[in-house]
1. Can you give me the number of residues within region 53-94 that are part of a strand (DSSP E or B) and over 20 Å from the mean Cα position of the chain (by Cα)?
2. Suppose we keep only residues that are within 11 Å of Gly96 (Cα to Cα) and among the acidic types (Asp, Glu) within region 131-160. Which one would you say is surrounded by the fewest Cβ atoms within 10 Å (Cβ to Cβ)?
3. Any chance you could count how many residues in region 68-88 are touching a Phe, Trp or Tyr at 6+ places or on another chain (Cβ under 6 Å) and over 15 Å from Thr184 (Cβ atoms)?
4. Looking at Leu36, Leu41, Leu47, Leu106 in this structure, which one is within 30 Å of Pro203 (Cα to Cα) and either at pLDDT 95 or above or not assigned by TED's automatic domain parsing to the domain that holds Glu134 (or both)?
5. In region 217-236, which residues are over 11 Å from Pro53 (Cβ atoms) and surrounded by 15 or more Cβ atoms within 10 Å (Cβ to Cβ)?
6. Report the residue count in region 66-90 for those that are among the polar types (S, T, N, Q) and in contact (Cβ under 8 Å) with a residue 40 or more places away in the chain.
7. Only one of these is of a type outside the set (Gly, Ala, Ser) and in the same structural domain as Phe22 (by TED's automatic domain parsing): Leu182, Leu172, Leu235. Name it.
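The values are calculated or read from the model by the stated rules, or taken from the named source; none is laboratory data. Computed from a predicted model, the values in this text were never measured in an experiment. Neighbour counts run over all protein chains shown; Cβ positions are idealised from the backbone, glycine included.
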Amino acid sequence: MLYIIKVIYGFLMPPGIFIILFLFMSIFFYRHKKRLASWLLFITVSLYLLSIPVTGDLLIHSLESDYDPPSSLDGDVIIMLGAGATRGTADIDGNGQLSGDAANRLLTVARLYKKTELPIIVSGGSVFKDSGNEAEIAKRQLIGLGIPENKIYIENKSLNTTQNAKFTKVILKANHFQKPILVTSAYHMKRSMQNFSKIGVNPTPFPTDYKTSAELRVYVSKFVPSDFGHVRIALKEYLGQLAISIKN
């Protein structure tokens, strides 16, 4: 019964309700306005395919399988890339919090520090006017987790992955770091590695923040409209990779 309720909710909430609406409109117009009905049906099917979890999972999973965490750590610095932050929101020891993806990256970085005691570079600025400064918030939270302030370097100006790589390279060079370990979300790792490689930096990838399990499973709920979250993330990554390839 629980799964039946989930299916019903999925089609009553956006985008499911709009898919149902477009489907009925396609049927209604079919007899008298077949061209319009055909376009509505095409939009309906497209919305449905883009909104079901199985599509997003397949797209994200293909990105997340590009790299595995290394079996051993051989590095002299850990780099964490930002992924969004809020401004002015209450936190335990200050204001501003990292987004879910960035918080997962921070947790991995903190655990890596406990194992290696390597210095950390946090990269990320205030992307929008109402965004928090990712690097500065991450530094405060890392200190709150017991990591010494003198072990943390911040790059707080970058607005995208290209700038993450470019501005972080300056810190690497200034401090003679030769073997960086790059921490970012698994779906984001390939594009990040491409950006770093393009400027002559070849870090060891340490992916984290996985959105899908190692083994994908298919069940009824995977075909119920949800949102476009994973599809949007995956398409952004593929387009970013394509842009880098074209520029090269």
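1. If we filter region 53-94 for residues that are part of a strand (DSSP E or B), which is where we start, we get 77-81, 85-91, 94.
Within this subset, residues satisfying the condition of being over 20 Å from the mean Cα position of the chain (by Cα) are 77, 88-91, 94.
Residues in region 53-94 being part of a strand (DSSP E or B) and over 20 Å from the mean Cα position of the chain (by Cα): 6 in total.
2. Among those residues, the one meeting the criterion is Glu136.
3. 1
4. Leu106
5. Answer for region 217-236, where residues must be over 11 Å from Pro53 (Cβ atoms) and surrounded by 15 or more Cβ atoms within 10 Å (Cβ to Cβ): Ile233, Ala234.
6. Our first condition is that a residue be among the polar types (S, T, N, Q); within region 66-90, this holds for 71-72, 86, 89.
Applying the additional criterion that residues be in contact (Cβ under 8 Å) with a residue 40 or more places away in the chain yields 86, 89.
Adding up the residues that qualify gives 2.
7. Values: Leu182 fails: in the same structural domain as Phe22 (by TED's automatic domain parsing); Leu172 fails: in the same structural domain as Phe22 (by TED's automatic domain parsing).
After applying the criteria, what remains is Leu235.
Per-residue answers, yes or no, for (1) more than 18 Å from Gly124 (Cβ to Cβ); (2) of a type in the set (A, V, I, L, M, F, W, C); (3) at pLDDT 95 or above; (4) buried (at least 19 other Cβ atoms within 10 Å of the Cβ):
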site	(1), (2), (3), (4)
Thr168	no, no, yes, yes
Asn175	yes, no, yes, no
Ile181	no, yes, yes, yes
Lys190	yes, no, yes, yes
